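A.B. asks: Below is the structure I would like to discuss, written out as structure tokens.
The values are calculated or read from the model by the stated rules, or taken from the named source; none is laboratory data. This structure is a prediction, so every number in the text was calculated from the model and none was measured. Cβ placement follows ideal geometry from the backbone for every residue including glycine, while neighbour counts extend to all protein chains displayed.
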Amino acid sequence: MIGEVRKAEVSTSRIHDVSVALVDEIERAIVGKRERIEQAVLCLLSGGHLLLEDIPGVGKTTLAKALARTMGGDYRRVQFTPDLLPTDITGSSVYNQGTAQFEFRPGPIFANVVLADEINRATPKTQSALLEAMEEHQVTSDGESRLLPKPFFVIATQNSIEMTGTYPLPEAQLDRFFMRLDIGYPSRQAEAEILTGHKVEEPLETLKDVTNPVTVVELQSEVREMFVHESLVGYIVDIVRATRESPLLTMGASPRGSLHVMRAAQARAAMGGYDFVRPDDVQFVAPLVLSHRVLARAEVRMRGGASAVGEAVRSIVESVPVPPSAR
């Protein structure tokens with residue numbers, strides 16, 4: 001039984017306490033979306049990058065700003081436009097007449113939290129400038145590699161309904177994102193609370209940092225140490241392989257998807273105060289991590305776009321039996 005094994009050296013209580021503090025503080029600015037906030041914090045603690053995709057005005061940018069404020073790190077925002085150049089993101093070398101040498105001036109990507117706003121408005125060439133940074137946590141310029149700050153968290157936003165003047169993210173770029181989330185409309189009560197909260201002051205401006213970048217890096221490292229029973233490792237592999245064989249999909253998830261499912265399950269277990277990963281953790285995070293990494297058949301997409309793909313992946317996850325030793 002996986003519950004009989006413990007990893008006492010992992011401070012799950014600290015991960016739980018910090019994650020709850022982050023969610024509670026962010027919820028002051030994003031009313032009625034606690035589950036989405038928890039998933040965004042899970043992405044941060046997993047060491048991944050987040051893609052927020054939804055209609056305009058539901059709080060995508062606000063969530064990104066709130067995450068940056070509450071974790072207390074350096075924050076930069078890049079507005080992606082068709083004329084944005086790769087060097088506008090990564091930085092470039094500029095000739096210094098005083099020293100008669102070229103000096104590298106870092107771009108906005110050199111920050112703990114980078115908001116890539118409306119990422120699908122930029123050209124594929126500019127979008128690809130993020131690839132190395134997101135995967136390798138470094139930028140190469142003039143033949144020299146420069147490490148990015150730790151933690152390094154990219155939050156990209158895009159409007160799902162706006163197609164004119166946009167460039168859809170290619171599969172290679174999508175695969176770099178750990179998770180894709182939508183925000184959705186608030187409930188009637190939540191929307192009324194939003195109006196009331198904005199009458200006098202902007203809630204986002206009142207948020208406080210509840211942790212710091214050093215602690216976040218430590219928690220990300222502790223998440224990786226969470227115990228995963230070998231039967232659950234096989235369970236994750238079976239789920240990902242099922243996406244490759246499902247008649248609902250034309251392309252399944254890659255091995256990177258398997259790794260990210262395991263990492264997300266570790267983070268969810270730790271955020272819940274557990275010191276081992278449970279089957280429930282895997283079942284919960286798998287659709288969140290895999291839905292944007294697969295290609296669904298046309299008839300599936302016609303049922304409702306991204307939500308229909310998510311439902312298809314969820315049904316695939318449910319079809320894979322849990323190993324008896326993992327229960």
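A.B. asks: Only one of these is aliphatic (A, V, I, L, M), over 13 Å from ALA156 (Cα atoms) and out of contact with any strand residue (DSSP E or B) (no Cβ under 9 Å at 6 or more places or on another chain): ALA100, ALA129, ALA111. Name it.
C.D. replies: Working: ALA129 fails: out of contact with any strand residue (DSSP E or B) (no Cβ under 9 Å at 6 or more places or on another chain); ALA111 fails: out of contact with any strand residue (DSSP E or B) (no Cβ under 9 Å at 6 or more places or on another chain).
Exactly one of ALA100, ALA129, ALA111 is aliphatic (A, V, I, L, M), over 13 Å from ALA156 (Cα atoms) and out of contact with any strand residue (DSSP E or B) (no Cβ under 9 Å at 6 or more places or on another chain), namely ALA100.
A.B. asks: Further question: Looking only at segment 81-105, which residues are among the aliphatic types (A, V, I, L, M) and either assigned to a loop (DSSP other than H, G, I, E, B) or over 27 Å from ALA116 (Cβ atoms) (or both)?
C.D. replies: Hits for segment 81-105 are LEU84, LEU85, ALA100.
A.B. asks: Same structure, new question: State which residue is surrounded by the fewest Cβ atoms within 10 Å (Cβ to Cβ) when the search covers only segment 241-300 and only residues that are part of a helix (DSSP H, G or I) and more than 22 Å from the chain's Cα centre (by Cα). First the steps, then the outcome.
C.D. replies: Step one: filter segment 241-300 for residues part of a helix (DSSP H, G or I), giving 241-245, 255-271, 279-293, 298-300.
Now drop any that are not more than 22 Å from the chain's Cα centre (by Cα), which leaves 241-242, 244-245, 298-300.
Values: ARG241: 14, ALA242: 17, ARG244: 14, GLU245: 9, ALA298: 7, GLU299: 9, VAL300: 20.
So, considering only residues that are part of a helix (DSSP H, G or I) and more than 22 Å from the chain's Cα centre (by Cα), the one surrounded by the fewest Cβ atoms within 10 Å (Cβ to Cβ) is ALA298.
A.B. asks: Can you find a residue that is of a type in the set (Ser, Thr, Tyr) and without any contact (Cβ under 8 Å) to a residue 12 or more places away in the chain anywhere in segment 31-49?
C.D. replies: Looking for residues that are of a type in the set (Ser, Thr, Tyr) and without any contact (Cβ under 8 Å) to a residue 12 or more places away in the chain, one finds none in segment 31-49, hence no.
A.B. asks: Now for a separate question. Taking ILE55 and the conditions (1) under 23 Å from LEU169 (Cβ atoms); (2) among the hydrophobic types (A, V, I, L, M, F, W, C); (3) modelled with pLDDT of 90 or more; (4) surrounded by fewer than 17 Cβ atoms within 10 Å (Cβ to Cβ), which numbered condition does it fall short on, given that it satisfies the others?
C.D. replies: In the conditions (1) under 23 Å from LEU169 (Cβ atoms); (2) among the hydrophobic types (A, V, I, L, M, F, W, C); (3) modelled with pLDDT of 90 or more; (4) surrounded by fewer than 17 Cβ atoms within 10 Å (Cβ to Cβ), ILE55 misses (3) alone.
A.B. asks: Related question: Read through the list (1) assigned to a loop (DSSP other than H, G, I, E, B); (2) more than 20 Å from the chain's Cα centre (by Cα); (3) of a type in the set (Gly, Ala, Ser), then give the number of the only condition that GLY48 fails.
C.D. replies: It fails just one condition, (2).
Condition check ((1) under 23 Å from ARG256 (Cβ atoms); (2) of a type in the set (S, T, N, Q); (3) under 23 Å from the mean Cα position of the chain (by Cα)) across all residues:
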position	(1), (2), (3)
GLU132	yes, no, yes
TYR167	yes, no, yes
PHE178	yes, no, yes
ILE183	no, no, yes
ALA190	no, no, no
LEU195	no, no, no
THR206	no, yes, no
GLU222	yes, no, yes
SER231	yes, yes, no
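A.B. asks: Which of the numbered conditions does ARG69 fail, given that it passes all the others? Conditions: (1) under 24 Å from the mean Cα position of the chain (by Cα); (2) under 23 Å from SER128 (Cβ atoms); (3) basic (Lys, Arg).
C.D. replies: Among (1) under 24 Å from the mean Cα position of the chain (by Cα); (2) under 23 Å from SER128 (Cβ atoms); (3) basic (Lys, Arg), the lone unmet condition for ARG69 is (2).
A.B. asks: Residues of segment 93-130 being surrounded by fewer than 14 Cβ atoms within 10 Å (Cβ to Cβ) and touching a Lys or Arg at 6+ places or on another chain (Cβ under 7 Å), which ones?
C.D. replies: Passing the criteria: only VAL94.
A.B. asks: Looking at VAL154, VAL139, VAL216, which is the one that is in contact (Cβ under 8 Å) with a residue 40 or more places away in the chain, at negative phi, assigned to a helix (DSSP H, G or I) and crowded, with 17+ Cβ neighbours inside 10 Å?
C.D. replies: The match here is VAL216.
A.B. asks: Do you know which residues across segment 52-80 are small (Gly, Ala, Ser), in a helix (DSSP H, G or I) and in contact with a helix residue (DSSP H, G or I) (Cβ under 6 Å, 6 or more places away or on another chain)?
C.D. replies: Once the filter is applied, which keeps residues that are small (Gly, Ala, Ser), in a helix (DSSP H, G or I) and in contact with a helix residue (DSSP H, G or I) (Cβ under 6 Å, 6 or more places away or on another chain), segment 52-80 yields only ALA66.
A.B. asks: Next question, about the same structure. Within segment 172-209, how many residues are closer than 29 Å to ALA264 by Cβ and free of Cβ contacts under 8 Å to residues at least 60 places away in the same chain?
C.D. replies: Qualifying residue count for the region: 2.
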